[in-house]
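Written out below as C-alpha cells is the structure these notes cover.
The values are calculated or read from the model by the stated rules, or taken from the named source; none is laboratory data. Please read all numbers here as calculations on a predicted model, not as lab measurements. Please note: Cβ atoms are built from the backbone with ideal geometry, for glycine as well, and neighbour counts cover all protein chains shown.
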Amino acid sequence: MQKSSIIRVGDKVVRKPRTKEFETEVIEESFSNTSVGSRRFESPLLIIYVFGFIISLGTLFLWLPISNNNDEFTPFITALFTSTSAATLTGLVTVNTSEYWSFFGEITIAILMFLGGATFMSAATFLLVVVAQQFTSSNQLVLWENQPIKEMIGSSNILRITIQVAALGIIIQVAAAIFYYYRFLPLFESNGDVIWQSIFLSISSYNNAGFTIVPDSSSLALFFQDHITLLFIAFMIFLGSLSYPVILELLKFKRFKRLSLDTKLVLVTTLSLIVIGTLFFLITESGNSSTFKDQNIIERISTSLFQSISGRTAGFSSIDFSTTREYTNILYAGLMFIGGASGSVAGGIKVTTFAVIVLAIMTASRGKTYVEAYGREIPNSLVVRAFSLSFIAIMFIFIIAFLLVITENVTYSKVLFEVISAFGTVGLSTGITSSLSDLGQLLIIFTMFIGRVGPLTIALALGRRRYTALYRYSEERIRIG
C-alpha cells in the first residue's frame, strides 16, 4: 500500500502519495513561500556594498594619527591599501605591520580581518542558499537529501546565518588563541604582548589573512624551526579555507559517503592540491640553500606542507619567496588562482570550480556528453558557469598584469605572481609590493577587492539569470583544435 502524507505548505494542507514527484512539488512550493524579508538581501551586489563600507571605515581609522607610530596622518594610499588588504583577507602590505602601526592601528586591522571573514562567510552562505532555492526540481531533490543544507534553506534568515557563522568562527579562534598563548610564552617578556600576539594571529590564521605583528620577523620566519606551531597554523588555515556548510556537514555526518557532492569535491580537491603542492615544493626547492637551510628531511616535509597549505589561500610564509625558484612560483601562482572552497574566507576561483573544469575535461576526453562524479550528474549549466568564471578571471588578471608592467619597472613574472596573489587574496609576495607606485598600488587594491567579491558575485549573477528561448537555430558543426 502506497504511503501518503499530509503536509502544510504556506496556508494549504495537502494529502498526496509520497513519491519523488510529490516531494519535488512540495519543495518548490516551500521555496516559493520564502520570507519577503530574506529576499531584500538576496542581491549578489550585497557583498560589494558591505565590503565597500567596511573598507571605507577601516581606511578612515587607519588614516588617523592615532593608528601609526609616527603620530601624523597616514598617507591615504597606505591607509586604503592596508584596509583593503585586511578586509579582503589578503595580507599584502606596503609598510611593516608591526613597526609602522600603533596598538590602535593593529586593533583596527584585527577588527577588519574579523569582520571581513565573518561577513564574507555569512553573506556568501546566505546568498548561496538563496540561489539554491532557485535550482531546478531535480537538483532541489539532491540538495534536499543533505540535512545541514536542508536546515539552512528552511531557515534562510540572514541574521540567523550570520550569528551561526560568527559563533563557529569565534569558538575556533578562541581555541586557537589559547594554543598560541602557551606557544608564545617563552618568546615575549610581557604577558600582555603574549595575549595580543595570540589573539591577532588566531584571527589572521583562521581568516586566511596572512597578517602578522611578530617583531623583527618577516611573516612567520621566527617560527622556521617551530614545526608544531606552523602545523597548527596550517590546520587553522585549512579550517578557514573550508566553508560553513562543509564544516557543518563534517560535524553532522562524519562519514564520506553521506556527504553532499559539493563537500566531497571540496575535500578531495583541497587534499589533492595540498599533496601536489607539498611534493612539488619539496622536490623543486631541495637544492636551494636559501629555502630549507639546515633542515633534515622530516623538517623539510613539514615546511613544504605548511607552504602548500598557506601558499594556496593564506599567504603566511616561514621562508622568503623572493629566494624561491621560478618554477616553484609558477606552481604556487596556479594554486593561488584556484583558492579554497566557495563561501569560505579563501579567495580564487574556488576548488569546486576547478574540480568541475577537470571533470569536464576528463569527460570530453572519454567521449561522454555529461559530467558526473560520485554517482551524481553535474548540470551542464554549472559546467558552463565554471568555464565562464575561470575565463573572466584569467582575462582580468592578464589585463591588470599588463597595466602594471607599463606603470612599474618590474619583470612580468614577478608582476604576474603579485597580481594572482592579490586576486586570490593570498598575500604571498616576491617583495615588490612596497616599491609599487601609487598607480600600481591602486591597481593592486582594485585587484584585491575584485578577487574578494568578484568570483562569488559573478557566479551568483550567472546562477540567477534564466532565459528560456522561444526558438532555437539548427545546429552546424565547426572545427575545434
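See the values below:
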quantity	calculated
Counted residues, segment 320-341 - those being among the polar types (S, T, N, Q) and surrounded by 16 or more Cβ atoms within 10 Å (Cβ to Cβ)	3
Candidates Lys368, Lys350, filtered to the one that is basic (Lys, Arg) and under 25 Å from the mean Cα position of the chain (by Cα)	Lys350
Those residues of segment 419-439 which are over 17 Å from the mean Cα position of the chain (by Cα), in a helix (DSSP H, G or I) and at pLDDT 90 or above, in sequence order	Asp438, Leu439
Residue among Leu251, Leu261 that is in contact with a Phe, Trp or Tyr (Cβ under 8 Å, 6 or more places away or on another chain) and surrounded by fewer than 20 Cβ atoms within 10 Å (Cβ to Cβ)	Leu261
Selected residue (only one of Ile77, Ile107 is in contact with a Leu (Cβ under 9 Å, 6 or more places away or on another chain), surrounded by fewer than 20 Cβ atoms within 10 Å (Cβ to Cβ) and at pLDDT 50 or above)	Ile77
Residue among Leu462, Leu442 that alone is part of a helix (DSSP H, G or I) and either modelled with pLDDT of 90 or more or within 22 Å of Ala79 (Cα to Cα) (or both)	Leu442
Residues being without any contact (Cβ under 8 Å) to a residue 60 or more places away in the chain and among the polar types (S, T, N, Q) - total across segment 382-427	4
Condition check for Leu273: modelled with pLDDT under 90 and not in a loop (DSSP other than H, G, I, E, B)	no
Only listed residue being at pLDDT 90 or above, more than 24 Å from Tyr244 (Cα to Cα) and within 21 Å of the chain's Cα centre (by Cα), chosen from Gly334, Gly339	Gly334
Every residue from segment 158-213 that is of a type in the set (S, T, N, Q) and in a helix (DSSP H, G or I)	Thr162, Gln164, Gln173, Asn191, Gln197, Ser198, Ser202, Ser204, Ser205
Filter pass, Ile399 being more than 18 Å from Leu267 (Cβ to Cβ), of a type in the set (A, V, I, L, M), assigned by TED's automatic domain parsing to the domain that holds Leu242 and part of a helix (DSSP H, G or I)	yes
